[in-house]
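Working notes, structure below.
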Amino acid sequence: MTTLTIAAAQSISIAGDLAANIVWHQRFMQVAAERGVQLLVFPELSLTGYERGLAAQLAIAPDAEVLQPLRDFAREVGVTSVVGMPIRLTDDSPVLIGALVLGADGSLAVYSKQHLHPGEEVAFAPGTGGSTLTVGADTVALAVCADFSHASHAAAAAEQGAHLYAAGVLITENGYAPDTAILQGYASAHSMAVLMANHAGATGGWESAGRSAIWAQDGSLIAAAPGTGNLLVIARRDATGWEGQVVQVAQA
């Protein structure tokens with residue numbers, strides 16, 4: 001079995017402050033690189049915070065110049081990073097909840113949230129998903145929050161040969177137990193590892209539960225954050241199996 005190191009970036013987002021959030025994302029990417037992480041996944045709308053009221057004015061094209069420093073940094077440190085951002089595919093198209101894949105090779109891929117949570121339709125339109133990613137020898141399928149509440153979404157990922165189902169989310173304490181039960185169930189049902197990257201604290205008027213987690217393909221928990229706060233939840237796989245680690249991320 002080939003080696004693989006993945007991580008959930010449990011990060012705090014500053015409401016609407018793209019410039020500050022880019023710097024903070026770079027800090028997470030640097031810490032991840034120092035620990036050999038190949039794929040780093042951030043929470044839903046991580047670059048702006050879960051700010052529905054600001055989404056229309058903050059939405060950008062996936063290849064917007066403002067994100068170039070972050071793309072360059074991903075390539076520089078060699079960590080493929082999945083970041084959350086409101087996006088428009090054209091100037092006059094609706095706002096989508098995007099997960100942008102900033103490749104370690106300098107590439108850019110776009111995933112857009114397919115299934116909206118009730119209430120999100122006031123600010124966003126449903127997206128169309130995106131292609132699977134290849135990280136080393138592994139196939140990765142992406143999800144954004146409410147996507148995973150539809151069993152067909154994870155089933156489609158498995159049908160595409162996904163070894164990892166990676167979701168950027170915003171989950172509160174009330175939703176944590178049922179939502180993580182669903183994700184853990186997908187791991188064992190489809191024999192694929194599952195990663196969940198949750199916000200590190202309050203965002204958009206919601207109190208995130210934190211507790212980002214990664215499960216192995218048999219449903220066993222590899223690693224989980226103990227609560228909220230800026231943390232990296234890391235899982236490493238080698239010939240002997242998986243091992244997990246949780247690392248605090250502080251300002252440089």
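Here the translational diffusion coefficient of the range 140-252 follows from Stokes-Einstein with Rh set to the Kirkwood radius across Cα pairs; for 10 °C and 1.306 mPa s it amounts to 112 µm²/s.
Counted over the chain, the DSSP beta bridges are approximately 70% antiparallel. Between S188 and T128, the FRET efficiency from the beta-carbon distance, with R0 = 30 Å, is close to 0.60. Hydrophobic long helices, here whole DSSP H runs in the chain with Kyte-Doolittle means of at least 0.0 and Cα atoms spread over 18 Å or more along the helix axis, are found at 18-34. Legend: residues E121, E51, E159, sorted from most to least accessible area (1.4 Å probe; ligands, DNA and RNA excluded), read E159, E121, E51. Heavy-atom accessible area with a 1.4 Å probe sorts H115, H153, largest first, into H115, H153.
The magnitude of the dipole of the chain, with charges of +1 and -1 set on the Cβ of Lys/Arg and Asp/Glu and taken from the Cα centre, is near 360 debye.
Adding -39500 (n - 2.57) for every DSSP H run of four residues or longer, then dividing by how many residues the chain holds, sets the calculated 222 nm ellipticity at -7000 deg cm²/dmol. An oblate overall shape is assigned to the range 91-208, the ratio a/c of its alpha-carbon gyration tensor axes (a ≥ b ≥ c) being 1.5 or greater and a/b not exceeding b/c. Quick check: from the Cα gyration tensor, does the range 1-155 come out rounded (a/c under 1.5), prolate or oblate? Oblate, because a/c is 1.5 or more while a/b does not exceed b/c.
When all protein chains stay in place and ligands, DNA and RNA are ignored, the 1.4 Å accessible-area order of W206, W24, largest first, is W206, W24. Using heavy atoms of the protein chains and a probe of 1.4 Å, the accessible area assigned to E173 is about 110 Å².
The values are calculated or read from the model by the stated rules, or taken from the named source; none is laboratory data. These figures come from a predicted structure and were not determined experimentally. For neighbour counting, all protein chains shown are included, and Cβ atoms are generated from backbone atoms with ideal geometry for every residue, glycine included. SASA here: full protein model, heavy atoms, side chains in, ligands and nucleic acids out. Shrake-Rupley method; radii C 1.70, N 1.55, O 1.52, S 1.80 Å.
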